[in-house]
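Enquirer: Take this structure, written in structure tokens, and hold onto it; I'll ask about it next.
Where a number appears in this text, it was derived from the coordinates with a stated rule and is not lab data. Being a predicted model, the structure only gives us computed values, none of them experimental. We place every Cβ from the backbone using ideal geometry, glycine too, and count neighbours over all the protein chains shown.
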Amino acid sequence: MTRTAPRIARLAMAGSVALLMAMPAMAASRPDQPVQGWSAMQGTDTATLLNDVQTMPLSELAVEDQPYCATDDEIAKTLAKDFNERPVDTAGAGGTELWGSDQMGTWTLVAARADDTSCIIASGIGYSDQKNAALFYRTAGL
């Protein structure tokens, strides 16, 4: 009986490691995954946010609910680190930038501002670099 417990523990550990190693492959985007998107602020459409973010404070100074706004470098680091996203289209609808990740299947619309800061105004799933960038802008409502 005392030899059985360590074997079970080793098998459980091996199974856990195998599952963790397989998770990125399971999370990868599928070419047939439908494109879905959401405004960064519930109850406010993306086109309205695109106009409103120009006067919103950075998120660290915000006193009410608003989209995530930060320095351009902070937005870029966050999207790259947390979602493995990269810039896809930097001259999009209304001056927005489309970021996407083939690995994660996610996409994000970023509204650049004149003061070297940006705000995330929409995001979604179903990203593939095989899809036309205009599809993501339409899905977001721009």
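Enquirer: Only one of (1) surrounded by 17 or more Cβ atoms within 10 Å (Cβ to Cβ); (2) over 23 Å from L58 (Cα atoms) fails for L135. Which number is that?
Expert: (1)
Enquirer: Could you please let me know if V53 is crowded, with 19+ Cβ neighbours inside 10 Å and over 22 Å from V35 (Cβ atoms)?
Expert: yes
Enquirer: Give the residues of the range 97-123 that are within 13 Å of the chain's Cα centre (by Cα) and on the phi > 0 side of the Ramachandran plot, sorted by residue number.
Expert: Within the range 97-123, just G105 meets the criteria.
Enquirer: Quick check on the range 109-133: of everything there that is free of Cβ contacts under 8 Å to residues at least 60 places away in the same chain and not in a loop (DSSP other than H, G, I, E, B), which residue is nearest to R86 (Cα to Cα)?
Expert: If we take residues in the range 109-133 being free of Cβ contacts under 8 Å to residues at least 60 places away in the same chain and not in a loop (DSSP other than H, G, I, E, B), then V110 is nearest to R86 (Cα to Cα).
Enquirer: From A76, A91, A70, A62, grab the single residue that is within 17 Å of F136 (Cα to Cα) and of a type outside the set (V, I, T).
Expert: Matching residue, one of A76, A91, A70, A62: A91.
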